[in-house]
Every structure is written in structure tokens, then in C-alpha cells.
Amino acid sequence: MRLELTDEDRAFQQEMRDFFTTKVPQDLRDRWAAGGEVDPKDFIEAQQTLNAAGLAVPHWPTEWGGRGWSDLERHIYLQEMQAASVPPPLAFNANMVGPVIAAFGSQEQKERFLPKTANLDIWWCQGFSEPDAGSDLASLRTTAVLDGDEWVVNGQKTWTTLGQYADWIFALVRTDPQAAKKQQGISFLLIDMKTPGITVRPIKLIDGGHEVNEVFFENVRVPADQLVGEVNAGWTYAKFLLGNERVGVAPVASIKKVLATAKARAAQTRTHTGTLLDEPLVAARIAELEASVAALELTVIRVAAGSKEGQPDPASSIVKLRGTQLQQDALELLADIAGPASLLWQQPEDTSLEAWTAHATPTYLNFRKASIYGGSNEVQRQIIAGGILGLRA
């Protein structure tokens, strides 16, 4: 069986390719491709360039910037973006809080937040995880108590990615501690990060980077009209948000770029008999990964084309599971090719020809997270077992 794009889809693919490679500055794309910590200005420039062309939030309702694309068209859009090394629209804005506000927010909230969210005039961060509520998110303990026309928030969030740049945070808070089920007492609040009582504390990563933070709330007063939807319905909105977060978790084009880089680096690395690429075990490892990625790409296209009426194909769990595994395998290969040199972590301003080795191991270690976010791979295996194979415990 051969799966091919139609002529219309190929024309759309070429349109996306031309835009990403000609309208987004080359120097910005080069910095993104090089890896390392990202300058927030690059995120903003890239998203505002996309938004000016109507390409920042194509999956939103059309009245708020959406394009009414099919799932296959959105897949093509994402893959061409990755292939061109264009920084994607900030996930917290485009895939998380934006769709929630569009679906459940008041008209005033939509008008106030959605245009600025699409254009990254507001940088959002996610306030979900807590020290004792990560995988078991429903156990969160940050509270919000209504006092007149304000909510008073107290508690702590952790692993808040890029929170040091954020203007606003969307947070799950407990508004009914006495609810029969812990999921039933949670609400969804929008909070200005400049509000008195908020403290952001960096979490230093093992490579010295600063990607995540702790966020503390001490008697933070939030206007009541910044509650999204209904009180105690936050768990429903969170599940909707997490469903959107899983979009694009099989980055086929990005994996292909890593493999192409790995082959080029292996061909440049001399051994006593030639190059690393001449080594049979290295060549076999690359060939196996390339074959696996080709199979994944066909599966991704089939799943995207098979989604109906806005409902994802159940096989998307397979795509998420296998996609993150192959992403990690490809990055591990690149770190292995770099060898011991990848353990000498250089500073980002190092522009020497061998600076790529400095990013190899930190990037590989950082992307261990890929099998956790968007629904852990263990959860995906349960979905596959029950929802696809029909197995029951």
C-alpha cells in the first residue's frame, strides 16, 4: 500500500514550505536549529511573523484567527515548520490557554485575551503541577477563596516552564475543598503575573540552564471575572487543554533533521579505518532509525487523514508513544556520535565548529521529558490496550 498526498495537498505543502523558508528570517531559523536556550525575542518575532500571515493559530475558531484546516493540513503545516527550523507558536498560548478561552471563556475574555494571545503580546505560562501533584494532578492544593468580587489565591506551582518570561499564568486552583471527588472542586483562573503576592523562583537544571520555575502565591487577589467558565468546572477545561497539548507530539520532520545531522557528523568523525559512518554498527543503527521514522510518518499521515468530525483517531496514542521514543533514540544517537566531547558543556556564545557537541548531551537529557508531557507513555499504553486492542484488566 502506498500513501501519497493528493495534488491539492502537495500544493498546500509547497505553499507552507515557501512561506517558512522565505518569510521567516534565516538567522532566526539558524539560531533555533543550533539548539540551546532560546532567546524569548526569537519566539516573539517568529510568532508575530506567523500571526501577520494568519498562520499562528490555524486550529482556533475562524473568528479568532483559525483557518478551518483539516487535521492533515495541520499536520503538513507542523511538519514543514519543523523542517524549516521555525520556532513554533508558543504552546502555552496557541495550544493550551487560547483554545480553552475560545471554547469556555466569556465574550469579554475572548475579546480581551485572544488577539493578544495569538500575537504573543501576552506570554502565558502554565500553573498546573505542584510539588505533590504532578502525575496525580487532581491532588493539587493551591486554593482560591472568593472574597467579595475577588479570589484570594494561596499555594505553590512547580515546573513552570519559561515562567520567568510570562506576563500571565493560567492556573488550576481548588475552590471547593469539600467536593465529593477531588476533581470536582477545581477551577480555572487567569492571573496577571505582576499581581502582588506572586514570587517566581528559578529551578536550576543539571546543565546550568534555567527553563523551569517555582511560582508561589501568597494572598494573591484575582478579579472574579478572570475565572474561566463555571466555578468547580476546571477539571473539564484541563482535560480539554491537555488534549490540545498532545497535538504535534510526533515531530517527524524534527526527527529527520536530527538523523540527517547525525549522518553528517558521523561522516566527519575520523576513525583509524575511515569515519564513524563507515562502521557497520553505526550504519545499521542509522538505517534502522530511518526505516522506523519512515513507518512513523506513514502512520502519522494515516491517523491525521482518518480523524473525523474533530475527533482524533484512537491510533494517535500509538503515534505519540512511538514518536517520542524515536525522538529520544535519534537524540541519543547524536550524543553517542559526539562522544566524550559532549560532556564538556560550553557556553552558548561559543561559535566554534565543534560547538554542536556542547548541545548534544544536554538536549538528549532534556528530551527525556517527551515521554511524560502530553500524556505519559505509560498512560498511552493503557489507552492502546483498552481503546484499540479491547483488553481489560
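The values are calculated or read from the model by the stated rules, or taken from the named source; none is laboratory data. Only a predicted model underlies this, so the values are computations on that prediction, with no experimental measurement involved. No Cβ is skipped: glycine too gets one built from the backbone with ideal geometry, and neighbour counts run over all protein chains shown. Calculation scope for accessible area: heavy atoms of the full protein, side chains included, ligands and nucleic acids excluded. Shrake-Rupley method; radii C 1.70, N 1.55, O 1.52, S 1.80 Å.
Just a few scattered comments:
- Per residue accessible area in Å² of the range 162-225, where ligands, DNA and RNA are left out and the probe is 1.4 Å: 48
- Taking the 1.4 Å solvent-accessible surface of the chain as the whole, the part contributed by carbon and sulfur is 53%.
- J(HN,Hα) series, the range 43-51, from Karplus relation 6.51 cos²θ - 1.76 cosθ + 1.60, nearest Hz, glycine and proline x: 4, 5, 4, 5, 5, 5, 5, 5, 5
- In this rough spin-label picture, where each label sits 7 Å from Cα along the Cβ direction, the Val231-Ala179 distance is 1.3 nm.
- In sequence order, the range 201-212 has phi-based couplings of 10, x, 9, 7, 7, 5, 8, x, x, 10, 10, 10 Hz under the Karplus curve 6.51 cos²θ - 1.76 cosθ + 1.60, θ = phi - 60°, and Gly or Pro positions carry x.
- Based on the Kirkwood approach, the hydrodynamic radius assigned to the chain is 22.6 Å, with every pair of different Cα atoms included.
- Label-point separation in nm, Gln268 to Ala385, each point 7 Å along Cα→Cβ: 4.5
- Counting charges near Phe216 (Lys, Arg +1; Asp, Glu -1) among other residues having Cβ under 9 Å from its Cβ returns a value of 0.
- Amide hydrogen neighbours beyond the local backbone of Leu146, cut-off 5 Å, H modeled: Val152
- Heavy-atom accessible surface of the range 1-158, averaged per residue, reaches 46 Å², computed with a 1.4 Å probe.
- The range 175-224 shape via C-alpha gyration tensor axes, a/c threshold 1.5: oblate
- 5 angstrom amide H check on Gly229, placed H, neighbours 5+ away: Ser106
- Seen from Leu140, the other residues with C-beta closer than 12 Å to its C-beta sum to a net charge of +1, counting Lys and Arg as +1 and Asp and Glu as -1.
- Amide hydrogen neighbours beyond the local backbone of Glu130, cut-off 5 Å, H modeled: Thr158
- Rh by Kirkwood over Cα pairs, then Stokes-Einstein D for the range 30-155 at 1.002 mPa s and 20 °C, µm²/s: 129
- Probe 1.4 Å - accessible area at Arg221, Å² to nearest ten: 100
- Cross-link table Lys204/Lys320; Lys320/Lys369; Lys182/Lys369, entries beyond 19 Å C-alpha to C-alpha: Lys204/Lys320; Lys182/Lys369
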